[in-house]
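Reviewing the structure listed below.
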Amino acid sequence: MTANLSQGTLYVVATPIGNLSDITTRAIDTLKSVDIIACEDTRTSAKLLQFFNITTPTTAYHEHNADTQTAKLVETLKSGKNIALISDAGTPLISDPGFRLVKACHDNDITTVPIVGACAVIGALSVAGLPSDKFSFVGFLPAKQHGRIETLKSHQNSRETLIFYEAPHRIGECLSDMVAVFGAEREATLCRELTKTFETIKKLPLGELSAFVKNDPNQQRGEMVLVVAGNTNKQVSTDYDTWLLAIAKELPPKKASAIVADVLGLKKSVVYDRLLMLQK
Ligand code: SAM
């Protein structure tokens, strides 16, 4: 299908994730030249737009008005006007609103143009010190523990690096569940407050990372991405689960975990938590 040239274009524009200098000149030019900027939150974006002297009119586009706004914005684009889509921070559609609008543009033969820039997933992966050739972006985990554990289990044997977004008030619980599902030895990197004053990049085995975060309340503040190594030894992990469950059929859970922990040189509590998780 060829684009209809009398229609406008939707520019999907990345904005900074902290440091305002991380905006491209192309993003500023685009935001100045379009007819309307669709913002996730007009008040949040007003600060950014004022800072760069951008006076383009704005309209709200978020998950609660996406139904009505998608139709309105598509009509505006069809009338020949250009629109820029931005979110509160980073790249729109990456755990942010915008998918329905972009899909509607495709459905209506309207051109979409990415104005690339900051994105927390990519920033975190670039400094995590973990394999970056293949990765899965998992995004936010479910808030409730049952759903979180189920999601983690579904990624337990993935060989590629896993990337998670997490809220600061849940980082402690999230790391404990990761230790139980992935094991304390798996390498992970916490990337906190990227591009901001208190930027912290900490790479440790999950068990130690969990203790590091729990022992320092400052590590439970701000915005964070967790990058977790993939399962590099699937066979050992499967064997360990199989032995553990087999021994636990014959012995009480504490005794079974203590034996497996002793053989593998792991902490008893880690193996015990894993057994409880496997038996759920
Ligand atoms: N669209 C954004 C992007 O391109 O990364 C992500 C939006 S999502 C609603 C917000 C989450 O992204 C935060 O909870 C955090 O997990 C991550 N994030 C955003 N900015 C960050 C930063 N400066 N440092 C670390 N993580 C960040």
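Of the strands (runs of 3 or more DSSP E) entirely within the range 82-142, those holding at least 1 residues that are over 14 Å from the mean Cα position of the chain (by Cα), within 15 Å of the ligand (Cβ to nearest atom) and buried (at least 19 other Cβ atoms within 10 Å of the Cβ) occupy 83-86, 111-115. It is to be established whether one or more residues within the range 156-167 are free of Cβ contacts under 8 Å to residues at least 40 places away in the same chain and not aliphatic (A, V, I, L, M). No, the conditions are met nowhere in the range 156-167. Taken as a whole, the condition of being surrounded by fewer than 16 Cβ atoms within 10 Å (Cβ to Cβ) and either within 22 Å of the chain's Cα centre (by Cα) or farther than 22 Å from L141 by Cβ (or both) applies to F198.
The rows are residues; the columns are (1) closer than 23 Å to A120 by Cα; (2) of a type in the set (V, I, T).
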{"site": "P205", "(1), (2)": "yes, no"}
{"site": "G222", "(1), (2)": "yes, no"}
{"site": "V228", "(1), (2)": "yes, yes"}
{"site": "I247", "(1), (2)": "no, yes"}
{"site": "L251", "(1), (2)": "no, no"}
{"site": "K255", "(1), (2)": "no, no"}
{"site": "I259", "(1), (2)": "no, yes"}
{"site": "S269", "(1), (2)": "no, no"}
{"site": "M277", "(1), (2)": "no, no"}
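Looking across K203, K267, one residue alone is touching a residue at least 40 places away in the same chain (Cβ under 8 Å) and in the same structural domain as S154 (by TED's automatic domain parsing). It is K203. Within the range 72-100, residues that are under 27 Å from N19 (Cβ atoms) and in contact (Cβ under 8 Å) with a residue 12 or more places away in the chain reach partners that are within 7 Å of the ligand (Cβ to nearest atom) and in a helix (DSSP H, G or I) with beta carbons closer than 6 Å, at six or more positions or on different chains, in the pairs G90/A120.
The values are calculated or read from the model by the stated rules, or taken from the named source; none is laboratory data. A quick note: this is a predicted structure, and the numbers were derived from the prediction, not measured. Here the Cβ is made from the backbone with ideal geometry for all residues, glycine too, and neighbour counts use every protein chain on show.
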